[in-house]
Amino acid sequence: MRRASLIACIVAFFMLISGAALAAEAQRPSVFAIGNVEIDVTAADAASARTLAIAEGQRKAYELLMRRLLRPEDVSRAPVVDPATLNGLIEGIEVNNERASAVRYLATLTVRFDASTVRGLLKANGLAFTQTMASPVLAVPVMTMAGADYLWQPDNPWRQAWAEHDLANRLVPYKLPDADATDRLLASPREVIDDDNTALNRLAARYDLERTLVVRLTLEPDLAGEGFKGEIAVAGTAGFPNLTQTVTLPGEGPTAENLGPAVERVVRALDDWWRGETLVRMDQGGELAVTAPLRSIADWAEVRRRLTRVNLVEDMTIDRLTAREAAIVLHYVGEADQLRLALRQASLVLDLSGTEAMLLLEEIHRTPAVAPVAPAPLPTSETSDGGAGEPR
């Protein structure tokens with residue numbers, strides 16, 4: 001009884017100190033949140049236009065959510081919901097860029113869906129779906145044409161195509177480098193093309209990211225036609241599969257506009273691959289007892305914070321909590337490998353190689369264990385004949 005009370009007090013204390021962190025975590029991109037939904041409706045008056053526009057935006061967001069969560073072949077089987085059911089699926093709406101006239105309303109919405117309710121709806125309809133968004137990657141578009149490499153130049157049309165493309169609401173979130181003087185110092189075109197991990201890691205660290213995605217476009221004149229032909233290859237440190245696609249361009253050569261479809265093919269292919277890796281059925285799952293090593297009170301708060309980002313973890317039971325470790329049971333859906341992948345996106349490492357499962361903060365996992373240092377021997381004085389004298 002006393003032990004249970006002690007654990008409860010410690011947990012309450014950790015929850016108190018991590019409250020601000022958990023609130024900030026709620027603002028992170030979520031697989032169940034759809035952003036950048038543009039609405040534009042004209043009606044008899046401004047109030048009617050706003051009501052109709054918000055309803056239209058919610059419907060658009062639901063359709064985008066189904067495309068994100070479901071396999072392409074299952075999208076047509078997505079549940080058809082009436083307005084009342086749709087409202088019950090929505091946790092909250094954020095409205096930005098509002099503009100209105102006497103009869104027209106325009107805005108951009110972010111619609112956050114309730115994860116539990118959406119899961120229940122899809123499970124009831126027998127649909128497998130993903131619940132895991134990849135951690136953000138730094139996309140580095142580099143182009144080679146006529147023997148010249150284009151990376152940080154302002155006139156790199158391949159980078160411009162990525163910058164102008166709609167990358168919102170993807171399962172793999174992307175960040176583009178600023179292409180400024182600092183980026184030029186951190187990574188040269190040759191280092192990027194050669195997939196130099198040291199240079200790519202330097203570049204990612206500048207943007208507080210851990211992974212890079214090098215997207216190389218190689219073009220040459222199409223001798224059989226009037227345009228250009230080439231190949232897109234994906235590399236980098238993101239751990240994505242090797243992806244190669246062909247591309248053909250008109251005689252005017254590469255522009256941000258005519259390269260847009262190529263960008264879409266790449267991001268869609270990566271989304272499809274990620275969805276396939278993380279697709280789960282709600283009738284799969286189990287429990288896993290893990291031990292989380294702790295260096296301080298803050299580590300436990302951080303473990304809890306990161307676990308809130310893992311949708312596959314439905315619940316957590318604390319068996320033991322000390323200053324040095326936490327023994328917990330994770331109640332999860334999906335398969336163990338999918339759980340490991342989902343945890344990794346939240347910077348948590350699940351290590352099943354030992355006799356007991358370990359759950360480590362990624363920064364602890366990266367830090368090699370330091371062997372104990374033997375104490376230095378006591379200094380000795382030398383005797384006149386070279387022998388050791390008594391310790392001083």
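The values are calculated or read from the model by the stated rules, or taken from the named source; none is laboratory data. No experiment lies behind these values; they were computed from the predicted model shown. Reconstructed Cβ throughout: ideal geometry from the backbone, glycine too, with neighbour counts over all protein chains shown.
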Taking the range 267-284 and the residues there that are surrounded by 18 or more Cβ atoms within 10 Å (Cβ to Cβ) and touching a Leu at 6+ places or on another chain (Cβ under 8 Å), the one that is modelled with the lowest pLDDT would be Met282
In this structure, is Ala292 under 25 Å from Pro136 (Cα atoms) and more than 17 Å from the chain's Cα centre (by Cα)?
-> yes
Counting only residues that are under 26 Å from Asp299 (Cβ atoms) and either at pLDDT 90 or above or surrounded by 10 or more Cβ atoms within 10 Å (Cβ to Cβ) (or both), how many does the range 367-387 have?
-> 1
Qualifying residues in the range 216-258 (those that are of a type in the set (Asp, Glu) and not in a loop (DSSP other than H, G, I, E, B)) - the one modelled with the highest pLDDT = Glu231
Residues Val37, Val11, Val31: which one is at pLDDT below 95, buried (at least 17 other Cβ atoms within 10 Å of the Cβ) and either more than 21 Å from the chain's Cα centre (by Cα) or of a type outside the set (Phe, Trp, Tyr) (or both)?
-> Val31
Looking only at the range 334-343, which residues are surrounded by fewer than 21 Cβ atoms within 10 Å (Cβ to Cβ) and touching a strand residue (DSSP E or B) at 6+ places or on another chain (Cβ under 8 Å)?
-> Glu335, Ala336, Arg340
Please determine, by comparing only the residues of the range 167-195 that are acidic (Asp, Glu) and crowded, with 17+ Cβ neighbours inside 10 Å, which one is farthest from the chain's Cα centre (by Cα).
-> Glu191
With the condition kept exactly as written, say whether any residue in the range 90-107 is under 24 Å from the mean Cα position of the chain (by Cα), crowded, with 18+ Cβ neighbours inside 10 Å and at pLDDT 95 or above.
-> no
Is at least one residue of the range 273-293 over 30 Å from Glu356 (Cα atoms) and touching a residue at least 40 places away in the same chain (Cβ under 8 Å)?
-> no
Which listed residue, of Thr85, Thr117, Thr144, is polar (S, T, N, Q), over 30 Å from Leu203 (Cα atoms) and surrounded by 14 or more Cβ atoms within 10 Å (Cβ to Cβ) = Thr117
Yes or no: Asp351 touching a His at 6+ places or on another chain (Cβ under 6 Å), touching a residue at least 12 places away in the same chain (Cβ under 8 Å) and not assigned by TED's automatic domain parsing to the domain that holds Arg119?
-> no
